[in-house]
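Report on the following structure.
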């Protein structure tokens, strides 16, 4: 498109999240502030004061109350966003599991932070992973720009009649939420076009549809419970198609966006490193250096964790010798971390054999993953034959811990 | 071995096909307790050296008192390792014959024995409930329990256990007495002895009837239509609102409150105590709210109104006696 639809805005992940919420013409934002996602609500409250934001902002007495407000507003047919993270998500976990079942397309902005104890305010995916099988769609952003893009996509995907599910936009606490970068946002013309595309949310079974009101929260006994939950499986199966349509529109009219996976130097690679979120840049840097030394290695980023892009992962990793999965979520007594489980699960029963898979746990609680550490992991991939009898995840950079 | 039974009804079978029992009752009639006592009995037998295994599994809806419930027992000579709801039932115990008919014959085969709590004769009740040509044992457990236990509400469970000795000859009065003692020990000597008396009377007054050669009609149970996932609205929502009154909770009632308007002083205590808003009132010409009756479509028979009435204007009558 020739006419310019964007302006440049330097800002951090929280500002971009707030801007996207405003640009999507959201009706209700209900929050209880928690570091590192506090600034989302602050920015929205400020935009409400200046008149830029027309929706309702509610600061309540706790996350469970905030997400109850989101849940109820969505059931009445409002477009809803709920920013939170870490302990807040755990406190509201009951609601976060109820939202997919009740088919509430709420956009949950999670500035991922580790969970207590010991208490820690820095980045880690341990807060979102308990909800990975709740039935919600999940994006993991790599920078503030993607927080903006995914939040806009999230409303359209979630509210689509074929989907009707909550969508999580996950972004690493501090590393994305508080790091100012130079971003593109839609200008007045762009926002107008976007709002036209989003339309108003029309809930199929709304409590506040005055002509055909619906009651919700009914009891479903064993005779129909599995059928009621199977509807979520069907909705989840529709997501890739809807996601493709929506990101095609976005890429065509505004700027390109990755919505399933992002690959780097993967085509001719023998080894691959897989990760999610802000550490993808570090991995790319390491791959670049390894490539300079003649190593045949590539990188893959999972963008939509739910639904997991199984077909794409199978396709891209077919024929690779070994893959390392870098996960920002600790596991204890389990053979694999959540991301590693999903990658390994996607690679089973391949007709010509599956690559070796090894899980790594890194960067918990804001710990820095260095390029050197990734290079070391790349080196270890060459000795994958030795992994035969050991499937444990290795913790990266733990002082006097396991060696790679 | 007891002397009363003409022929032993059931022997405990091997583990592959355990003997199965279902108790059809309403919440708070003691069916879960009776079923658990049955399991304790088997445990007692197991301790004596003969290896027996038993399970007792209740199935509830969301509500409690008065709602139809089912409890399933499995009894076997081999270890029981399955937990699914049995589909073939050897004994069907109907603690409350007012429960919807269709479900009562579910799972019955040609040798199924019915044990029914009723004051009618076995043939009469079998024809009324359309149980088909089957063996039927009846006992007026509600009547006996009311007399023996002297409680405000009827708890027919131990009386029915007495009648069950007729069906399972390896249960003896002695064994049953012992189990009732250990079960109710904490509640005191009086509770133990009254329950034991009720149990003995249940055994002595049970009436047998072999209906296998008769033409008693059989009501085929039509299973409800199965919902496909796309039949369910998004979020399992209900396409109507404000319709709770359509749920006729009055069918859950085992005892019915009878209001004597001549004694009523219109204090409205019952109206406030009622959990289901089932005390009907109207404003009189003097501008005062007056009690005019009871909404039997929704009254669950909890007897809260009886408890609060200062003038004893309401009393409970068993539902079976009001028809």
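Kindly check whether there is at least one residue in segment A:189-197 that is part of a loop (DSSP other than H, G, I, E, B) and either within 17 Å of the chain's Cα centre (by Cα) or assigned by TED's automatic domain parsing to the domain that holds residue A:245 (or both). Lay out the reasoning, then the answer.
Step one: list which residues in segment A:189-197 are part of a loop (DSSP other than H, G, I, E, B), which gives none.
No - not one qualifying residue is present in segment A:189-197.
Please go through segment A:40-61 and pick out each residue that is in contact with a strand residue (DSSP E or B) (Cβ under 7 Å, 6 or more places away or on another chain) and either outside the structural domain of residue A:156 (by TED's automatic domain parsing) or not in a strand (DSSP E or B) (or both).
To start, the set of residues in segment A:40-61 that are in contact with a strand residue (DSSP E or B) (Cβ under 7 Å, 6 or more places away or on another chain) comprises A:40-41, A:44-45, A:48, A:55-60.
Hits for segment A:40-61 are A:40, A:41, A:44, A:45, A:48, A:55, A:60.
Where in segment B:15-127 are there strands (runs of 3 or more DSSP E), lying fully within it, with 3 or more residues that are surrounded by fewer than 20 Cβ atoms within 10 Å (Cβ to Cβ)? Walk me through how you get there before you give the answer.
Numbers: elements: B:19-26, B:53-59, B:68-76, B:89-94, B:108-117.
Filter on segment B:15-127 gives B:53-59, B:108-117.
Taking only segment B:235-274 into account, find how many residues are over 22 Å from the mean Cα position of the chain (by Cα), within 30 Å of residue A:207 (Cα to Cα) and either more than 14 Å from chain A (Cβ to nearest Cβ) or in a strand (DSSP E or B) (or both).
Residues in segment B:235-274 being over 22 Å from the mean Cα position of the chain (by Cα), within 30 Å of residue A:207 (Cα to Cα) and either more than 14 Å from chain A (Cβ to nearest Cβ) or in a strand (DSSP E or B) (or both): 2 in total.
Is it fair to say residue A:18 is closer than 23 Å to residue A:195 by Cα and touching a strand residue (DSSP E or B) at 6+ places or on another chain (Cβ under 9 Å)? Working first, answer last.
Details: closer than 23 Å to residue A:195 by Cα: yes; touching a strand residue (DSSP E or B) at 6+ places or on another chain (Cβ under 9 Å): yes.
So residue A:18 passes the test.
For residue A:285, are the conditions met, namely being more than 14 Å from chain B (Cβ to nearest Cβ) and surrounded by 14 or more Cβ atoms within 10 Å (Cβ to Cβ)? Walk me through how you get there before you give the answer.
Values: more than 14 Å from chain B (Cβ to nearest Cβ): yes; surrounded by 14 or more Cβ atoms within 10 Å (Cβ to Cβ): yes.
For residue A:285, the condition - more than 14 Å from chain B (Cβ to nearest Cβ) and surrounded by 14 or more Cβ atoms within 10 Å (Cβ to Cβ) - is met.
Only residues that are outside any loop (DSSP other than H, G, I, E, B) and either outside the structural domain of residue A:109 (by TED's automatic domain parsing) or under 16 Å from residue A:106 (Cα atoms) (or both): list them for segment A:10-39, please.
Going residue by residue through segment A:10-39, those that are outside any loop (DSSP other than H, G, I, E, B) are A:10-11, A:13-23, A:28-31, A:38-39.
Within segment A:10-39, A:17, A:18, A:20, A:21, A:22, A:23, A:28, A:29, A:30, A:31 meet the criteria.
Quickly run through segment A:130-158 and pick out the residues that are crowded, with 24+ Cβ neighbours inside 10 Å, in contact with a helix residue (DSSP H, G or I) (Cβ under 8 Å, 6 or more places away or on another chain) and within 14 Å of chain B (Cβ to nearest Cβ).
Correct list: A:136 only.
Given A:259, A:251, A:278, A:247, which one is assigned to a helix (DSSP H, G or I), in contact with a strand residue (DSSP E or B) (Cβ under 9 Å, 6 or more places away or on another chain) and within 30 Å of residue A:155 (Cβ to Cβ)? If you could, list the steps in order and put the result at the bottom.
Numbers: A:259 fails: assigned to a helix (DSSP H, G or I); A:251 fails: in contact with a strand residue (DSSP E or B) (Cβ under 9 Å, 6 or more places away or on another chain); A:247 fails: in contact with a strand residue (DSSP E or B) (Cβ under 9 Å, 6 or more places away or on another chain).
Being assigned to a helix (DSSP H, G or I), in contact with a strand residue (DSSP E or B) (Cβ under 9 Å, 6 or more places away or on another chain) and within 30 Å of residue A:155 (Cβ to Cβ) holds for just one of A:259, A:251, A:278, A:247, which is A:278.
Which of the numbered conditions does residue A:200 fail, given that it passes all the others? Conditions: (1) surrounded by 12 or more Cβ atoms within 10 Å (Cβ to Cβ); (2) more than 9 Å from chain B (Cβ to nearest Cβ); (3) in contact (Cβ under 8 Å) with a residue 60 or more places away in the chain.
The one condition residue A:200 does not meet is (1).
I'd like the residue in segment B:52-79 that is farther than 14 Å from residue B:35 by Cβ and away from every other protein chain (no Cβ under 14 Å) and, out of all such residues, is modelled with the lowest pLDDT.
As a first pass, look at segment B:52-79 and keep what is farther than 14 Å from residue B:35 by Cβ: B:52-53, B:61-68, B:76-79.
Filter once more, so that each one left must be away from every other protein chain (no Cβ under 14 Å): B:52-53, B:65-66, B:76-79.
Details: B:52: 81, B:53: 88, B:65: 73, B:66: 77, B:76: 86, B:77: 83, B:78: 83, B:79: 85.
Once the filter is applied, the top-ranked residue is B:65.
Residue by residue through segment A:72-94, note down the ones that are crowded, with 23+ Cβ neighbours inside 10 Å, part of a helix (DSSP H, G or I) and touching a helix residue (DSSP H, G or I) at 6+ places or on another chain (Cβ under 9 Å).
The answer is A:74, A:75, A:88, A:89.
Being over 29 Å from residue A:122 (Cβ atoms) and modelled with pLDDT of 95 or more is true for just one of A:152, A:186. Which residue is that?
Numbers: A:152 fails: over 29 Å from residue A:122 (Cβ atoms).
After applying the criteria, what remains is A:186.
Here are some conditions: (1) surrounded by 12 or more Cβ atoms within 10 Å (Cβ to Cβ); (2) touching a helix residue (DSSP H, G or I) at 6+ places or on another chain (Cβ under 8 Å); (3) outside the structural domain of residue B:106 (by TED's automatic domain parsing). Residue B:268 meets all but one. Which one does it not meet?
Checking residue B:268 against (1) surrounded by 12 or more Cβ atoms within 10 Å (Cβ to Cβ); (2) touching a helix residue (DSSP H, G or I) at 6+ places or on another chain (Cβ under 8 Å); (3) outside the structural domain of residue B:106 (by TED's automatic domain parsing), the one that fails is (2).
Only one of these is touching a helix residue (DSSP H, G or I) at 6+ places or on another chain (Cβ under 6 Å) and either farther than 20 Å from residue A:283 by Cα or free of Cβ contacts under 8 Å to residues at least 24 places away in the same chain (or both): A:314, A:306, A:358. Name it. Show your work before the answer.
Working: A:306 fails: touching a helix residue (DSSP H, G or I) at 6+ places or on another chain (Cβ under 6 Å); A:358 fails: either farther than 20 Å from residue A:283 by Cα or free of Cβ contacts under 8 Å to residues at least 24 places away in the same chain (or both).
The conditions single out A:314.
Among the residues of segment A:207-224, which ones are at the interface with chain B (Cβ under 9 Å from one of its Cβ atoms) and either assigned to a helix (DSSP H, G or I) or surrounded by 11 or more Cβ atoms within 10 Å (Cβ to Cβ) (or both)? Before the answer, list the steps.
Step one: of segment A:207-224, the residues at the interface with chain B (Cβ under 9 Å from one of its Cβ atoms) are A:207, A:212-224.
Within segment A:207-224, A:207, A:212, A:213, A:214, A:215, A:216, A:217, A:218, A:220, A:222, A:223, A:224 meet the criteria.
For segment A:225-240, which positions are more than 7 Å from every other protein chain (Cβ to nearest Cβ) and closer than 30 Å to residue B:60 by Cβ? Give the steps one after another, and end with the answer.
Our first condition is that a residue be more than 7 Å from every other protein chain (Cβ to nearest Cβ); within segment A:225-240, this holds for A:225-226, A:229, A:232-233, A:235-240.
Passing the criteria: A:225, A:226, A:229, A:232, A:233.
Would you pick out the residues in segment B:25-43 that are touching a helix residue (DSSP H, G or I) at 6+ places or on another chain (Cβ under 6 Å) and over 20 Å from residue B:198 (Cβ atoms)? Reasoning before the result, please.
We begin by selecting, within segment B:25-43, every residue touching a helix residue (DSSP H, G or I) at 6+ places or on another chain (Cβ under 6 Å); these are B:25, B:30, B:33-34, B:37, B:40-41.
None - no residue of segment B:25-43 is touching a helix residue (DSSP H, G or I) at 6+ places or on another chain (Cβ under 6 Å) and over 20 Å from residue B:198 (Cβ atoms), so the list stays empty.
Taking the condition of being surrounded by 12 or more Cβ atoms within 10 Å (Cβ to Cβ) and either at the interface with chain A (Cβ under 8 Å from one of its Cβ atoms) or closer than 22 Å to residue A:104 by Cβ (or both), how many residues in segment B:213-230 meet it?
Number satisfying all stated conditions: 2.
Going residue by residue through segment A:162-169, is there one that turns out to be surrounded by fewer than 24 Cβ atoms within 10 Å (Cβ to Cβ) and in a helix (DSSP H, G or I)?
Taking every residue of segment A:162-169 in turn, none turns out to be surrounded by fewer than 24 Cβ atoms within 10 Å (Cβ to Cβ) and in a helix (DSSP H, G or I).
Taking residue A:347, is it in the same structural domain as residue A:368 (by TED's automatic domain parsing) and more than 23 Å from residue A:150 (Cα to Cα)?
yes
Run residue A:343 past the list (1) touching a residue at least 60 places away in the same chain (Cβ under 8 Å); (2) surrounded by 24 or more Cβ atoms within 10 Å (Cβ to Cβ); (3) assigned to a loop (DSSP other than H, G, I, E, B) and report the number of the one that doesn't hold.
If we test residue A:343 against (1) touching a residue at least 60 places away in the same chain (Cβ under 8 Å); (2) surrounded by 24 or more Cβ atoms within 10 Å (Cβ to Cβ); (3) assigned to a loop (DSSP other than H, G, I, E, B), just (3) comes out false.
Determine, yes or no, whether residue B:225 is modelled with pLDDT under 85 and either within 30 Å of residue B:125 (Cα to Cα) or within 23 Å of the chain's Cα centre (by Cα) (or both). First the steps, then the outcome.
Values: modelled with pLDDT under 85: yes; either within 30 Å of residue B:125 (Cα to Cα) or within 23 Å of the chain's Cα centre (by Cα) (or both): yes.
The answer is yes for residue B:225.
The values are calculated or read from the model by the stated rules, or taken from the named source; none is laboratory data. Small disclaimer: the values here were computed from a predicted structure and weren't measured. Cβ atoms come from the backbone with ideal geometry, glycine included; neighbour counts cover every protein chain shown.
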